[in-house]
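Asker: This structure is in C-alpha cells; I'll ask about it shortly.
The values are calculated or read from the model by the stated rules, or taken from the named source; none is laboratory data. These numbers were taken from a predicted model, which means no experiment stands behind them. Virtual Cβ from ideal backbone geometry, glycine too; neighbours counted across all protein chains shown.
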Amino acid sequence: MKSGDEKTSVWTLPNRLSLVRIVFIPAIIYLISRQEKLALLLACILFVIAGITDGLDGLIARRMSMKSRFGLYLDPIADKLLVSCVLIALSSYRTGEFGVPLWVTLIMVSREFLINGLRSFYAVGGDTLYSSFAGKLKTTLQIVGISCVLFSGSPYGAHFFQTAGLVLIYVALFFSLYSAYRYVYGVFQADAKR
C-alpha cells in the first residue's frame, strides 16, 4: 500500500459486495449438504442474493467511479469461487434428478483454473485480461441455472425448475468453452505480435 487513497479503494462498496459473495459460500454449501427442502430453499435465497451482488458491484463501480485494481481481480475471483463451490456441492450431493452432473462441474471448474492462471500470469507483467461478453453471459447463465436447480429441491420446487436449470447450465457450458477459447486464442495472438 503506497497511500491512503489506495487503502480506501480496497474497501469500496463494490469490493464489499464481492466479499459478501465469498462470505456466503460456506453457508450455502452447508445448507445444500443438509439435503432438506427448507435448507435448499434457504440456499437458493442466499445464492440469489449473492448473484444479485455480482451485478450490483460492477454497476456501482462504473456509475459511482469506484473502480479499483483490487476490485478488478476480486470480482471475478468471487464469482468463480461462488459458482465453482456450489456446482461442486450440487454434484457431490446429487440424488435422483436433483443436482448437476459431475462432468459438467469438472469442465467448468477446470476452465476457471485455466483462465485465472492466464490472468495471474499476465498480471505479473502488469497486463490485464478483461472479461469478455461471452464470459459475463456464461456467469449470468450459471447463476440463473444454479438458482433454478436449488429451487427445484425446495418445498415449492418442481421438476420443471431442475430441467430449466440444467438447460441453462448446459448453455453456460457452451459459452464457458467458447470464452476460454477466445481468451487462449487472444493470448497466443498477443504473444505472436510481440
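Asker: If you check 41, 31, which single one turns out to be without any contact (Cβ under 8 Å) to a residue 60 or more places away in the chain and either more than 17 Å from the chain's Cα centre (by Cα) or closer than 16 Å to residue 85 by Cα (or both)? Walk me through how you get there before you give the answer.
Answerer: On the way: 41 fails: without any contact (Cβ under 8 Å) to a residue 60 or more places away in the chain.
The conditions single out 31.
Asker: Please indicate, with yes or no, whether at least one residue in region 136-155 is surrounded by fewer than 16 Cβ atoms within 10 Å (Cβ to Cβ) and of a type in the set (A, V, I, L, M, F, W, C).
Answerer: no
Asker: Check residue 67 against each of (1) out of contact with any helix residue (DSSP H, G or I) (no Cβ under 6 Å at 6 or more places or on another chain); (2) not in a helix (DSSP H, G or I); (3) not small (Gly, Ala, Ser) and name the one condition it does not meet.
Answerer: Every listed condition holds for residue 67 apart from (1).
Asker: In this structure, does residue 86 turn out to be over 27 Å from residue 188 (Cα atoms), crowded, with 18+ Cβ neighbours inside 10 Å, modelled with pLDDT of 85 or more and of a type in the set (A, V, I, L, M, F, W, C)? It would help to see each step written out before you state the result.
Answerer: Working: over 27 Å from residue 188 (Cα atoms): yes; crowded, with 18+ Cβ neighbours inside 10 Å: yes; modelled with pLDDT of 85 or more: yes; of a type in the set (A, V, I, L, M, F, W, C): yes.
Yes.
Asker: Something else about it: How many of the residues making up region 12-50 are within 24 Å of residue 120 (Cα to Cα) and either of a type outside the set (A, V, I, L, M) or buried (at least 22 other Cβ atoms within 10 Å of the Cβ) (or both)?
Answerer: 7
Asker: Any idea which residue in region 156-194 is modelled with the lowest pLDDT, counting only those that are buried (at least 20 other Cβ atoms within 10 Å of the Cβ), closer than 12 Å to residue 135 by Cβ and not hydroxyl-bearing (Ser, Thr, Tyr)?
Answerer: 180
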